[in-house]
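Step one of this worksheet: look at the structure below.
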Amino acid sequence: MSWLLTRLLAGVLAMAAGGVAGYLLGRPTQSPVLSAMLGGATGVALAALLDALRGARLMAWLRGPQEQQAPRDTGFWGELGYRVERSIRQREQGLAQERLRLEQFLSAIEASPNGVLLLDAAGQIVWCNTVAADHFGLDPQRDRRQPVTNLVRAPAFVACLQQGRFDEAVSFPKPRHDGTLSVLVRPYGEGMKLVLSQDVTDRERNEAMRRDFVANVSHEIRTPLTVLAGFLETMANLPLTEAERKRVLGLMQQQTQRMQTLVSDLLTLAQLEGSPRPTVDRWVALEPLFLQIEADARALSGGRHTLQVDHPTGVQIAGAQPELMSAVMNLINNAVRYTPDGGSVELRWRLLPDGGGEILVADTGPGIAREHLPRLTERFYRVDGSRSRETGGTGLGLSIVKHVVQRHGGELDIQSEPGKGSRFRLLLPAARVRVAQTADAPAEAA
Ligand code: ADP
């Protein structure tokens, strides 16, 4: 209440000063008391006018944007201005902090790899991050305040919202039909909903691949097992002649061999997928590798094909010898198996202009139609299933080759046309190729 006393005191002082002045001025006249009263009233009026002016200045500041300082008066108006300004500034600071916190929170949600969509109690879009906008095909600005079910019409999603089934995620195709979304709805606040979306296209594809793989392996193993079981039953129940027994045992051996090759290829694939990439500091000489492969290929061909093999003297590849051996052997094996008798098979080495290297396996076999080329390296993909199985193929060879070459930083290139043979090229990067320059064994150039 001190401000009231001082203001009353100031009023009394103004009145007294006005009264004294009026009295002194009115003394020469007949009515000094009247002059004193008039003076007192004038003093009070002047004090009120001054007060009103200071109040008006503060009011003008309050009506404005309050960017400037409040008027720095003394006394009541000064203190009032100071206190109002301090409270405004504190609120502004609080608001700025809240805004910053909200922005940080929204940027954190924006950085989320999942889609986040906020719905109000009426199911209208309140906010969504860029990922959710992409997932649901929304425009974050334009679609704000739109009912989400008008824009995302997937029946599973609409049913989930309408029936309030929020306990498990629903999956449905992305609105742009380029994948699958898994969406979880969580209610919060008063009827509001948080919609979390995740792109599960890759996960579903991997899951489907895994299922196919298990089905394929089971099928590949079941076939020879069924044959073996049949032969065993025959041997157990029927009296066989020595010649028949030998024939059945031979066929059983073939089936066992088939399963062994399949299991061995599966193990090779598992090893390739589960082990670290071969380091760049282990150098494998290519010439002995080619010699070994040539010997194996000649044995496999049994003189039915013409074989032409380069001798990459001094060439070394950084990598794992068993993997490189397995990759080239798989290619040569295919070339010999698929090329009819009398055809020719080549194993070539070439140093590329950029310092990289090319191992080429070419044949004059039946060739492969264009539509099969992109799928050849898929596990168990065969162009001609019966030909592959007849010749002991597992359908895993080219996927092993692709894995090996990729682990060595290179790529597998396949060129083929029906009737014109096939060319399989292993392209290796310069960092993994080295050619020793010796006087008696000059390195091959491009
Ligand atoms: P497979 O064990 O069946 O040979 P691969 O993965 O090695 O399996 O090859 C996949 C398919 O590609 C084969 O089944 C075959 O149809 C085709 N193929 C591979 N190499 C050749 C080739 N040199 N000539 C013709 N077809 C080939």
Quiz prompt | Computed over the range 283-435: relative contact order in percent, which uses C-alpha pairs under 8 Å that are six or more apart | solution = 26
Quiz item: Which lysines have a Cα less than 27 Å from the Cα of K193, not counting those fewer than 8 places away in the same chain?
Solution: K174
Exercise. Would you mind computing Rg(Cα) / (2.2 N^0.38 Å) for the range 2-89, counting N as its residues?
Key: 1.44
Quiz prompt | log10 of Debye I(q)/I(0), alpha-carbon scatterers only, for the range 204-274 at 0.11, 0.21 Å⁻¹ | solution = -0.41, -0.91
Self-check item: Coordinate range along principal axes, alpha carbons of the range 318-413, Å, largest first
Solution: 40, 29, 27
Self-check item: Largest-first principal axis extents of the Cα set of the chain (Å)
Solution: 162, 68, 36
Quiz prompt | Among Q260, Q30, Q146, residue whose mean-square fluctuation peaks in a GNM of the chain (springs only between Cα atoms under 10 Å) | solution = Q30
Quiz item: What does the charge count near A96 come to, summing +1 for each Lys or Arg and -1 for each Asp or Glu among other residues with Cβ under 13 Å from its Cβ?
Solution: +1
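Quick check on the chain: helices-only [θ] at 222 nm, where DSSP H runs of length 4 and up contribute -39,500 (n - 2.57) each and the sum goes over total residues. Nearest 500, please. Walk me through the numbers on the way to the answer.
Values: 12 runs with 234 residues, N = 446.
Computed ellipticity for the chain at 222 nm equals -18000 deg cm²/dmol.
Taking a probe of 1.4 Å, how large is the accessible area per residue of the range 204-274, in Å²?
Working: 5040 Å² over 71 residues.
Each residue of the range 204-274 exposes 71 Å² on average to a 1.4 Å probe.
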Practice problem: Add +1 for every Lys or Arg and -1 for every Asp or Glu among the other residues with Cβ under 14 Å from the Cβ of L307, and state the total. | Solution: -2
Practice problem: Could you tell me the accessible area of T42 in Å² (1.4 Å probe, neighbours in place), rounded to the nearest ten? | Solution: 80
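At most 14 other Cβ atoms within 10 Å and a DSSP loop assignment: could you name the trypsin sites (Lys or Arg not before Pro) in the range 59-109 that fit?
Qualifying residues, ordered by number: R72.
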Exercise. Report S107's accessible area, 1.4 Å probe, all protein chains in place, as a number in Å² to the nearest 10.
Key: 70
Quiz item: What residues qualify as long-range amide H neighbours of K174, i.e. H under 5 Å apart, gap of 5 or more or another chain, H built at 1.01 Å from N?
Solution: G179, T180, L181
Practice problem: Kindly give Rg over Rh for the range 112-199, based on alpha-carbon atoms, with the Kirkwood expression for the hydrodynamic radius. | Solution: 0.91
Quiz item: Is any helix in the chain, taking whole DSSP H runs, at least 18 angstrom long along its axis by alpha carbon and on average at least 1.0 on the Kyte-Doolittle scale, and which ones?
Solution: 2-26, 32-63
Practice problem: Could you work out the equivalent-ellipsoid semi-axes for the range 44-201, taking the square root of 5 times each eigenvalue of the Cα gyration tensor, largest first, in whole Å? | Solution: 54, 15, 13
Self-check item: Accessible surface of D51 - all protein chains present, 1.4 Å probe, nearest 10 Å²
Solution: 40
Practice problem: Distance between Cα centroids, the range 156-175 to the range 278-346: provide it in whole Å. | Solution: 56
Quiz item: Given q = 0.14, 0.18, 0.22, 0.27 Å⁻¹, what are the Debye log10 I(q)/I(0) values for the range 270-335, with equal point scatterers placed on the Cα positions and solvent ignored?
Solution: -0.48, -0.73, -0.96, -1.20
Quiz prompt | Proximal lysines to K402, defined as alpha-carbon separation beneath 25 angstrom and excluding residues fewer than eight positions away on the same chain | solution = K420
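Taking the Cβ of V131 as the centre, find all other residues whose Cβ is under 11 Å away and add up their charges (Lys, Arg: +1; Asp, Glu: -1).
Working: positive: none; negative: E110, D134, D199.
Computed value for this residue: -3.
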Self-check item: Per-pair calculated FRET efficiency, R0 = 25 Å: R434 and S344 via Cβ, rounded to 0.05
Solution: 0.25
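The values are calculated or read from the model by the stated rules, or taken from the named source; none is laboratory data. If you're wondering where the values come from, they're calculated on a predicted model, not measured in any experiment. Here Cβ is always computed from backbone atoms with ideal geometry, including for glycine, and neighbour counts include all displayed protein chains. Surface accessibility is based on the protein's heavy atoms, side chains included, excluding ligands, DNA and RNA. Shrake-Rupley method; radii C 1.70, N 1.55, O 1.52, S 1.80 Å.
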